[in-house]
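Structure record follows, encoded as structure tokens.
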Amino acid sequence: MTTLLLPGLHGSGPGHWQRRWLEEVDDVVLVEQDDWSRPDLEGWLARAEAAVANHPGAFVAAHSLGAALAVHLATRARDLPIAGLLLVAPADVDRHARKVPLVASFAPLPVTPLPVPAIVVASRDDPWMSIERARILADMWEAGFVDIGRAGHINAESGLGAWPDGLTLLGRLRRMGGGLTTRRRAAR
């Protein structure tokens, strides 16, 4: 099964687990955006929708602003053939929209249950989303929740390398959702 990678602001640079997965894991596709440093929700959504259309039944592994994108994608286009979402270190665009105007078009985050199985992965010292807010959003999205301790923004600076624990979580998501007929509820 294909895994689509949705990076966040500035893309996932060298050493980021998403780039490592792209290099080291079979059947992984990075969804490219026109400009990683100038995010635009509508433009990024169009690219993500096209990627799902080209890879129906794909799982999505999203990081930071890419996780916000994935939630918008799943809630706006509920009939898209997405098998599941791995939402890693979602960016709290509601909180940061004023301070970081680049992310304003992604606010507000949807707060309705997701139509596909999902797992939210959060860190206790993520500067982009408090662990408490991540847990609340996971509950609203009816997603599983994983607290990985103190791992910063779960990016290259976190020193995770290829992040094998993330691949384990992706495997867990695949077992939870598996197909397009299972439309929701991650085991907690």
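The values are calculated or read from the model by the stated rules, or taken from the named source; none is laboratory data. From a predicted model like this one, the values you see are computed outputs, not experimental measurements. Cβ placement follows ideal geometry from the backbone for every residue including glycine, while neighbour counts extend to all protein chains displayed. For accessibility, only protein heavy atoms count, side chains too; no ligands or nucleic acids. Shrake-Rupley method; radii C 1.70, N 1.55, O 1.52, S 1.80 Å.
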- Item | Subset of region 119-146 [more than 18 Å from residue 61 (Cβ to Cβ) and touching a helix residue (DSSP H, G or I) at 6+ places or on another chain (Cβ under 8 Å)] | 124, 133
- Where a residue in region 87-113 is more than 19 Å from residue 7 (Cβ to Cβ) and small (Gly, Ala, Ser) and its partner, wherever it lies, is open to solvent by 10 Å² or more (accessible area, probe 1.4 Å) and part of a helix (DSSP H, G or I), with Cβ under 6 Å and at least six apart: 97/104
- Query: Can you tell which of 39, 14 is modelled with pLDDT under 95, of a type outside the set (A, V, I, L, M, F, W, C) and farther than 21 Å from residue 143 by Cβ?
  - Reply: 14
- Query: Pairs, please: C-beta under 7 Å, at least 6 apart or cross-chain, first residue at pLDDT below 95 and in region 50-77, second open to solvent by 10 Å² or more (accessible area, probe 1.4 Å) and among the acidic types (Asp, Glu)?
  - Reply: 77/49
- Task: Output the residues belonging to region 117-149 that are in a loop (DSSP other than H, G, I, E, B), surrounded by fewer than 23 Cβ atoms within 10 Å (Cβ to Cβ) and not polar (S, T, N, Q).
- Result: 124, 125, 127, 142, 148, 149
- Query: Given the structure, is residue 169 surrounded by fewer than 23 Cβ atoms within 10 Å (Cβ to Cβ), touching a strand residue (DSSP E or B) at 6+ places or on another chain (Cβ under 8 Å) and modelled with pLDDT of 95 or more?
  - Reply: yes
